[in-house]
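All remarks here apply to the structure that follows.
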Amino acid sequence: MSKFIKTNRYHFAPKLVSRRLRMTGNDFAKAAYMADLKNLANCASPDSIFNVGIPPCDLAKKKIKGVIFADKGVRFSTGDTATVAAFIAAVKTKAAAARGGRVYPMFDILNFEDSTGDPSTGSVGNLSTATIVTNDAVPAFRFGYNGTEARHTRVSAMAGAQLDMFIVDDQWGVYGTVDGDEFAGFSVLQAYPYTSKFITADSVNQYSFRVTLADITEYRDNSVYIVANSGLSAAAGLVNVQLKELSKTGGAVKVLAIADGGTNLEPIYTTAISALTFTATNLETGAAHVVTSVADAPSDDAYLVTLDSTAWTALSSGDRVQINGPSAAALSAAGVKYFEFLPVIVTKP
Amino acid sequence: MNTKKNPIVDGVQINMAHFGAMTKAEATKRMFDDGMCIGKTEKEKKEWADKAFDTAKAEYDKPADEVKK
């Protein structure tokens, strides 16, 4: 460029014109390239979606009502999101699904703090400088919820879980992002449970956790939402039920079903649970160990789970068998809501 | 995969996918050995196994549409 454009262009204008008249073929090629560079309007993406109009049907975020955690990769299909009823039904189903495909609704958020910082800025320029944004802030939130000790112990396991997260506001708007055609939760970079606190005058954060999202693009540029309704509140999180060995005679094992907090489920649900399928696994071989029968044992507030005696007899002393209760989905279908059984391991004497 | 529901006899859910593949004599012996039988004496327990097996098998072998009714 220095060949043609001088600092005092006006003064040298006649010379410039005269040199252009003497340009070679190579010079014309260079001039054409420069013309393309200067044509900045053509550099804008033809796919730009920028516009500033007000959509005829839109909503603004309201106060936070809850969150729906989801196992990493859980998606709501286009069928799930076709109608509000279908979406609510899908949330309910996934709330009792097997791990890996489960969602974890919490609609008792008491406090919400947006911990998203301001974006990082930096000065650019030489003689005159401007301050511009150089890095996006990472969306982060603190949620205080209506916790209790046993519940918070379970919720605290979020620290080791691989999760996505939907956010629900008090108009039952469910906010997430989009993956292809499917409705997805925001990717979670870190879920951190705060330690529980003894109560103070300000108790909204007595039980709380913090969530930092992984990708601002999902949250800002690809945020989508579904406005559900209060029917969504029927989707509830599960309570863990630990199976515990009460006694055993041979491979006939009496087990207690103790929910978090200490509630024994047998006196409440009696035969509704014993009618469901229990399974067992030989932990030494990984093979299934047949459960031949299950019966209610009300005199012990327990369930009698009978393992196949032939296979039991073949075990060596010290061998372990894991007894698994019915699945959360089976329990839910039988009206035993909202629980997930954790297995018990019995050891052959 | 057997998707039939296990019959429940006298409150005992009997795994007929397991016992149904056996002869009655073998199944009732295994039921007794497993410790799942109802009764105070060995005689009562064996009688219960005999009756329970018949009841469970009849229920388990019903056509699916009849079970739904």
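Throughout, read-outs are computed from the coordinates displayed, never taken from laboratory work. Just so we're clear, the structure is a prediction, and the values are computed from it rather than from any experiment. Counting neighbours? That spans all protein chains shown, and the Cβs are built from the backbone with ideal geometry, glycine included.
Partner chain Cβ atoms within 10 Å, averaged over the residues of B:5-13 - can you pull that number for me? Before the final figure, lay out each step's value.
Values: counts 3, 7, 0, 7, 2, 1, 10, 8, 15.
For peptide B:5-13, the averaged partner shielding equals 6.
Using the structure shown, list the pairs from B:K4/B:K57; A:K62/A:K94; B:K24/B:K45; A:K248/B:K5 with a Cα-Cα distance above 18 Å, or answer none. From the list (B:K4/B:K57; A:K62/A:K94; B:K24/B:K45; A:K248/B:K5), the Cα-Cα distance tops 18 Å for A:K62/A:K94; A:K248/B:K5. Residue by residue along A:305-316, Cβ atoms of other protein chains within 10 Å of the local Cβ number 3 on average. Give me the angle, in degrees from 0 to 90, between the Cα long axis of helix A:84-95 and the longest principal axis of the Cα atoms of chain A, rounded to the nearest 10. The helix A:84-95 is inclined about 60 degrees to chain A.
Using 1/(1 + (r/R0)^6) with R0 = 22 angstrom and r between the beta carbons of B:M22 and B:K46, what's the FRET efficiency to the nearest 0.05? Let's see the in-between values first.
On the way: r = 16 Å, r/R0 = 0.71.
E between B:M22 and B:K46, to the nearest 0.05, is 0.90.
Axis angle, to the nearest 10 degrees, between helix A:25-38 and the longest C-alpha principal axis of chain A: 50 degrees. Which residues does a label at A:T148 reach in the range A:314-349, if reach means a backbone N under 19 Å from a point 7 Å past the Cα toward the Cβ? From the range A:314-349, the list is A:336-342.
Every helix of 4 or more DSSP H residues in chain A counts as -39500 (n - 2.57), and over all residues that averages to -5000 deg cm²/dmol at 222 nm. Take the Cα radius of gyration of the protein assembly as shown and divide it by 2.2 N^0.38 Å, N being the number of residues; the result is 1.54.
If you filter the range B:1-45 for trypsin sites (Lys or Arg not before Pro), then keep DSSP loop positions with at most 10 other Cβ within 10 Å, what is left? Mind showing how you got there, number by number?
Numbers: sites: B:K4, B:K5, B:K24, B:K29, B:R30, B:K40, B:K43, B:K45; in loops: B:K4, B:K5, B:K40.
Filter output for the range B:1-45: B:K40.
When the chymotrypsin sites (Phe, Trp or Tyr not before Pro) in the range A:46-151 are filtered for DSSP coil states and for at most 12 other beta-carbon atoms within 10 Å of their beta-carbon, the remaining sites are A:F50.
Can you compute the helix-only [θ] at 222 nm over chain B? Use -39500 (n - 2.57) per DSSP H run of at least 4 residues, normalise by all residues, nearest 500 deg cm²/dmol. Each step should come with its number before you reach the end.
Values: 4 runs with 39 residues, N = 69.
Mean residue ellipticity at 222 nm (helix-derived): -16500 deg cm²/dmol.
For chain B, the longest principal axis of the C-alpha atoms and the axis of helix B:24-34 are separated by about 60°.
Calculated FRET efficiency, A:S233 to A:D300, Cβ-Cβ distance, R0 = 45 Å: about 0.80 to the nearest 0.05.
Sorting A:165-178, A:221-234 by their mean Cβ neighbour count within 10 Å, with the most densely packed peptide first, gives A:165-178, A:221-234.
Shape index of the range A:254-293: Rg/Rh, with Rg the Cα radius of gyration and Rh the Kirkwood radius from the inverse mean 1/r over Cα pairs, equals 1.07.
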